[in-house]
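Here is the structure we will look at.
The values are calculated or read from the model by the stated rules, or taken from the named source; none is laboratory data. Quick caveat, the model's predicted, so the values are computed rather than measured. Heads up, the Cβs are rebuilt from the backbone with ideal geometry, glycines too, and the neighbour counts pull from every protein chain shown.
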Amino acid sequence: MKENVIEIRHLTKNYGKSRGVIDVSLNVKQGDIFGFLGPNGAGKSTTIRSMLGFLKINEGSINILGMDSVRDHEKILREVGYMPSEAWFYDSMKVKDVIKYAADVRGLDCSNEAGMLCERLKVDTNKKIKQLSLGNRKKVSIVCAMQHKPKLFIFDEPTGGLDPLMQKKFFELINEYVDKGATCLLSTHVLSEVDKYCKNAAIMRDGRLTMLDTPHIDDETFLSFYEDDEEA
Amino acid sequence: MRSVLKRELLLNIKSLLIWSLSVGLMGFACILLYQSMEGEMKDMADAFSNMGAFSEAFGMSTLSIATLKGYFATEVGAVHGLGSAMFAAITAIGIISKEEDAHTGEFTFSLPLSRSKIIAAKGICVAIMLIVFTAICIAFYYIGFEILGEEMPMDQFMKFMGMQLLMNAEIAGICFGVSAISGKNRMGLGLGIALVCYAYDVMGRVVPDLKDYLFIGPYSYSNASEIFTGVATEGKAIVLAAVFLIGGVAFAFLRFNKRDLAS
């Protein structure tokens, strides 16, 4: 039986009086491509940001790769490739410097893997960050998240801004890394991505998480989560 | 941590060069102007030294601006004191908060480094910037003295620059603490802190009732006219500077390790 790469137990996070997430529990097994669905403001990013230690959680516990998210924060980040929904870097840096910087901080020489990723995603490494569109910044973010071949990928709305060809290449890369033993948590609004690429899925609404029996749900069921949310 | 420090230094090098060259060159130009004004200054020195409280505030009652030492203390002392404090303030107040202000925090803090290590790298970067800034200015002023060929007490000059560096570090320490609680770059606030400290010192030297509390401000122990006339530095002013510096940095570490990061 495959081990849990992500174990979230009764996670609660609020922002003062505002609701973040309430009593979220979730397991993601090794080798999974896990789809994380939900409307804007449902708590997907809060859950992800809590996992990465950006947010201080109020209650519950998070275990990543068998390590405690608070105590072993630094060790966890060594094994994680994270791509935020907004791919921002230092404007004045060149793409190649950003990619090398991310590898240097990890103390790794990732030049071969980075070169392969840049070639497949058609990343112009000589451009400055400020010259890039959102889609091209996202491609740089993908390279930074993948070049060190992490055990766990966490992607927060990764395909927004990417053209269809790049979206296809992105999922090809995920499949290749997962085939080699990695695990992937994918937060998205795009049901077709979950249907096509994910093995398991959950949906968040109003800060609470519901596991789906299958990632292959129809549009009506999917939209009902959004409609109910709007009515609420 | 070394990579973050290197990156911070590279990101700040342009600002360091602009500020150090600007302040250093202004001071250098002021020093060179001394020779052309030397003759007229003898009359001016008498007038300036008899302007009551204002002569005291700017040190002209104790030092003659007709000498290079007095001229440097009153003219370059003010330029360097204000310029270096503003540089220290804007460097420190943006170095942590810029991550959230420019939305680069998610990239930086997803790298495998603890928040403490990132803050430490940023703190060391500010310290290096202040030291290099001071070294560049020392070089400019020293070349100025050499060109003039006039005698300058180097021990007092180096003490003055050392105290200026401590004053810069104190202001930077306070601003570093502010940077850790802010999600936006508060450059205006940083400049305000530097200018308020300067104004407090000038007022303290003009208003007799404030004299006993001058030591609270960072310009008290770095005052050029006192250093160049050999007035002993007040120990309590140095202790308070250390408290503000260490307190600001410690607060930055404690606060930043506990807070949620904005996306």
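For the reader, a short list of remarks on this structure follows.
- Conditions (1) in contact with a helix residue (DSSP H, G or I) (Cβ under 8 Å, 6 or more places away or on another chain); (2) more than 8 Å from chain B (Cβ to nearest Cβ); (3) not in a helix (DSSP H, G or I); number of the one not met by A:I99: (3)
- Positions within segment A:71-99 being more than 19 Å from A:G161 (Cα to Cα) and among the charged types (D, E, K, R), in sequence order: A:R71, A:D72, A:E74, A:K75, A:R78, A:E79, A:K94, A:K96, A:D97
- Scanning segment A:123-162 for residues that are of a type in the set (V, I, T) and either at pLDDT 90 or above or out of contact with any Asp or Glu (no Cβ under 8 Å at 6 or more places or on another chain) (or both) returns A:V123, A:T125, A:I129, A:V140, A:I142, A:V143, A:I154.
- Being surrounded by fewer than 21 Cβ atoms within 10 Å (Cβ to Cβ), among the hydrophobic types (A, V, I, L, M, F, W, C) and touching a residue at least 60 places away in the same chain (Cβ under 8 Å) is a description that applies to B:V132.
- Of all residues in segment A:194-212 being closer than 19 Å to A:L26 by Cβ and in a helix (DSSP H, G or I), the one that is modelled with the lowest pLDDT: A:V194
- In segment B:208-248, the residues that are buried (at least 19 other Cβ atoms within 10 Å of the Cβ), among the hydroxyl-bearing types (S, T, Y) and assigned to a helix (DSSP H, G or I): B:S225
- Flag for B:F251 being surrounded by fewer than 21 Cβ atoms within 10 Å (Cβ to Cβ), assigned to a helix (DSSP H, G or I) and touching a Lys or Arg at 6+ places or on another chain (Cβ under 6 Å): no
- Number of positions in segment B:213-243 that are farther than 21 Å from B:F160 by Cβ and touching a Gly at 6+ places or on another chain (Cβ under 9 Å): 1
- Here A:S111 fulfils each of the conditions (1) away from chain B (no Cβ under 13 Å); (2) under 12 Å from the mean Cα position of the chain (by Cα); (3) of a type in the set (S, T, N, Q) apart from (2).
- Segment A:72-92 - residue that is at pLDDT 90 or above and in a loop (DSSP other than H, G, I, E, B) and, of those, nearest to the other protein chains (Cβ to nearest Cβ): A:E79
Results for (1) of a type in the set (A, V, I, L, M); (2) at pLDDT below 80, shown as yes or no for each residue.
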{"site": "B:S3", "(1), (2)": "no, no"}
{"site": "B:I13", "(1), (2)": "yes, no"}
{"site": "B:L16", "(1), (2)": "yes, no"}
{"site": "B:Q35", "(1), (2)": "no, yes"}
{"site": "B:A47", "(1), (2)": "yes, yes"}
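- Selection status of A:S18, without any contact (Cβ under 8 Å) to a residue 24 or more places away in the chain and surrounded by 20 or more Cβ atoms within 10 Å (Cβ to Cβ): no
- Exactly one residue out of B:C175, B:C125, B:C137 is more than 22 Å from B:A78 (Cβ to Cβ) and buried (at least 20 other Cβ atoms within 10 Å of the Cβ): that is B:C125.
- Filter pass, B:F133 being in contact with a Cys (Cβ under 9 Å, 6 or more places away or on another chain), part of a helix (DSSP H, G or I) and of a type in the set (F, W, Y): no
- Residues of segment A:22-42 that turn out to be among the polar types (S, T, N, Q) and touching a Ser or Thr at 6+ places or on another chain (Cβ under 8 Å), as a count: 1
- Segment B:88-107, residues that are in contact with a helix residue (DSSP H, G or I) (Cβ under 7 Å, 6 or more places away or on another chain) and more than 9 Å from every other protein chain (Cβ to nearest Cβ): B:A88, B:A89, B:I90, B:T91, B:A92, B:I93, B:G94, B:I95, B:I96, B:S97, B:E99
- Residues satisfying the stated conditions in segment A:73-87, i.e. out of contact with any Lys or Arg (no Cβ under 7 Å at 6 or more places or on another chain) and more than 19 Å from A:A182 (Cβ to Cβ): A:H73, A:E74, A:S85, A:E86
- When the criteria are applied in full, B:T74 fails the requirement of being at pLDDT below 90 and farther than 23 Å from B:I193 by Cα.
- Close pairs (8 angstrom Cβ cut-off, 6 or more residues apart or separate chains): over 20 Å from A:L52 (Cβ atoms) and at the interface with chain A (Cβ under 9 Å from one of its Cβ atoms) in segment B:248-263, exposed (fewer than 15 other Cβ atoms within 10 Å of the Cβ) and not β-branched (V, I, T) anywhere: none
- Selected residue [among the polar types (S, T, N, Q), modelled with pLDDT of 90 or more and surrounded by fewer than 22 Cβ atoms within 10 Å (Cβ to Cβ)] from B:Q156, B:Q164: B:Q156
- Residues in segment A:45-68 that are part of a loop (DSSP other than H, G, I, E, B), within 13 Å of another protein chain (Cβ to nearest Cβ) and either of a type in the set (G, A, S) or touching a strand residue (DSSP E or B) at 6+ places or on another chain (Cβ under 9 Å) (or both): A:L52, A:G53, A:L55, A:K56, A:I57, A:N58, A:L65.
- Each residue in segment A:182-210 was checked for being surrounded by fewer than 16 Cβ atoms within 10 Å (Cβ to Cβ), of a type in the set (S, T, N, Q) and within 17 Å of A:G160 (Cα to Cα), and 1 pass.
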